[in-house]
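Below you'll find the structure, written out as structure tokens, and then a few comments.
The values are calculated or read from the model by the stated rules, or taken from the named source; none is laboratory data. It should be emphasised that the depicted structure is a prediction, and the values quoted were computed from it without experimental measurement. Please note: Cβ atoms are built from the backbone with ideal geometry, for glycine as well, and neighbour counts cover all protein chains shown.
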Ligand SMILES: Cc1cc2nc3c(=O)[nH]c(=O)nc-3n(C[C@H](O)[C@H](O)[C@H](O)COP(=O)(O)OP(=O)(O)OC[C@H]3O[C@@H](n4cnc5c(N)ncnc54)[C@H](O)[C@@H]3O)c2cc1C
């Protein structure tokens, strides 16, 4: 039992922490306000190797592990979640499916630019009519054998990193047939950006994560080569379940970062702000609020460390990942609410980081599996 970080992990955490404070913090509020994608920050994160953290060096990765990615996400989200979710989605939803399930050709073609951060990839699972119930997928891909091409028709909703100037591809889940028992055969297919018939709608107007990139996508007779099938035909469902299990640990880390950022900002503010002749931090009501926020961030961190440790040890981790995601997202919302309260009226002003934290926290209970879905996973794993 050792929850302390190795020297390498500690050094990574410190360098990402410095980057978040020195490079992200000064400019991110402006991007957030203007709803602009922070290309320059992403470029610098690419140079630091953050997009390659959990990947092997032979594809241009850093040869680190998934826990390293989680530490980086925590430190980024402590300052800003739009940047953190861009990295999380780029790595765990964008590059990871190709890394895990791609052919040698697909890996050689796509991974070097995805792992350097020069390009981004999206993961298109959710549809306008189906999210939690992804088995309901209606997007269809039919193999035109004569042409050697998949013909894709359908649409996807809320897809992260799908419409930036550097988006190279979107991996799309689609129904590729009906099995003898009447169930849908689901597969995943790589659709490069700019393919005719693939349209990216303008960005959504979002409550939070406003400096991240999210679009609805439509596929209208969109043709891609048959070899763009990612992984085995009909294994799409199993593949994305694996990807989402891992992704939950990463989202938990991001949520812990936001929760810890709320503590950081609240401690600072409670020392500066005076009311009734004293700093508000002198009042026990405020001290207890902040102590509870620290308690929540700490326990949620232990939950994601545990899930990541099990994953890296090759042990089952589905339940622990769901617990970490459920707990961390719940306490992130709690901490954002309390941090805003501690900041009073200033907490409602976008120029204060806690206002961003508040707007960014809610999606953590929804994206990559809602809190209800996490409870379903935990209950199923308990045999119910
Ligand atoms: C900013 C943003 C970025 C996103 N990025 C991506 C992305 O990159 N790729 C991608 O594929 N998706 C992405 N998503 C989609 C996200 O994963 C889904 O929104 C999420 O999984 C929930 O699906 P839904 O919105 O369809 O809600 P629904 O599934 O319609 O759920 C609505 C409500 O019903 C509840 N519910 C559903 N079924 C049950 C049940 N059986 N029992 C109890 N309650 C139930 C849900 O928990 C929820 O509260 C993103 C979403 C957002 C907002």
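What residue, of 273, 235, 278, is farther than 20 Å from residue 307 by Cβ, away from the ligand (no atom under 13 Å from the Cβ) and at pLDDT below 95?
Working: 273 fails: at pLDDT below 95; 278 fails: at pLDDT below 95.
When all the criteria are applied, what remains is 235.
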Of the criteria (1) buried (at least 19 other Cβ atoms within 10 Å of the Cβ); (2) more than 23 Å from residue 33 (Cα to Cα); (3) within 16 Å of the ligand (Cβ to nearest atom), which one residue 363 fails:
(2)
Residue 25 vs (1) farther than 20 Å from residue 352 by Cβ; (2) assigned to a helix (DSSP H, G or I); (3) in contact with a helix residue (DSSP H, G or I) (Cβ under 9 Å, 6 or more places away or on another chain): all pass except (1)
What pairs come out if I take residues in segment 163-180 that are over 29 Å from residue 86 (Cα atoms) and pair them with residues that are surrounded by 20 or more Cβ atoms within 10 Å (Cβ to Cβ) and at pLDDT below 95 whose C-beta lies under 9 Å away, six or more apart or interchain?
176/236
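Are there any strands (runs of 3 or more DSSP E) wholly within segment 99-195 with 2 or more residues that are modelled with pLDDT of 95 or more, more than 12 Å from the ligand (Cβ to nearest atom) and not assigned by TED's automatic domain parsing to the domain that holds residue 365, and if so which?
Numbers: elements: 120-124, 140-144, 149-160, 167-178, 184-192.
Ranges flagged: 140-144, 149-160, 167-178, 184-192.
Let me confirm something: among 263, 267, 256, 224, which residue is modelled with pLDDT of 95 or more and in the same structural domain as residue 175 (by TED's automatic domain parsing)? If you could, list the steps in order and put the result at the bottom.
Working: 263 fails: in the same structural domain as residue 175 (by TED's automatic domain parsing); 267 fails: in the same structural domain as residue 175 (by TED's automatic domain parsing); 256 fails: in the same structural domain as residue 175 (by TED's automatic domain parsing).
So the residue among 263, 267, 256, 224 that is modelled with pLDDT of 95 or more and in the same structural domain as residue 175 (by TED's automatic domain parsing) is 224.
Might you let me know whether segment 57-67 holds any residue that is closer than 28 Å to residue 110 by Cβ, part of a helix (DSSP H, G or I) and within 20 Å of the chain's Cα centre (by Cα)? Lay out the reasoning, then the answer.
Going residue by residue through segment 57-67, those that are closer than 28 Å to residue 110 by Cβ are 57-67.
Checking which are part of a helix (DSSP H, G or I) leaves us with 57-59, 66-67.
Checking the rest, the ones that are also within 20 Å of the chain's Cα centre (by Cα) come to 66-67.
Yes, some residue in segment 57-67 is closer than 28 Å to residue 110 by Cβ, part of a helix (DSSP H, G or I) and within 20 Å of the chain's Cα centre (by Cα).
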Taking segment 123-139 and keeping only residues that are out of contact with any helix residue (DSSP H, G or I) (no Cβ under 6 Å at 6 or more places or on another chain) and surrounded by 18 or more Cβ atoms within 10 Å (Cβ to Cβ), one is left with 124, 126, 127, 134, 137, 139
Taking segment 315-348 as the search range and keeping residues that are assigned to a loop (DSSP other than H, G, I, E, B) and without any contact (Cβ under 8 Å) to a residue 12 or more places away in the chain, which one is surrounded by the most Cβ atoms within 10 Å (Cβ to Cβ)?
316
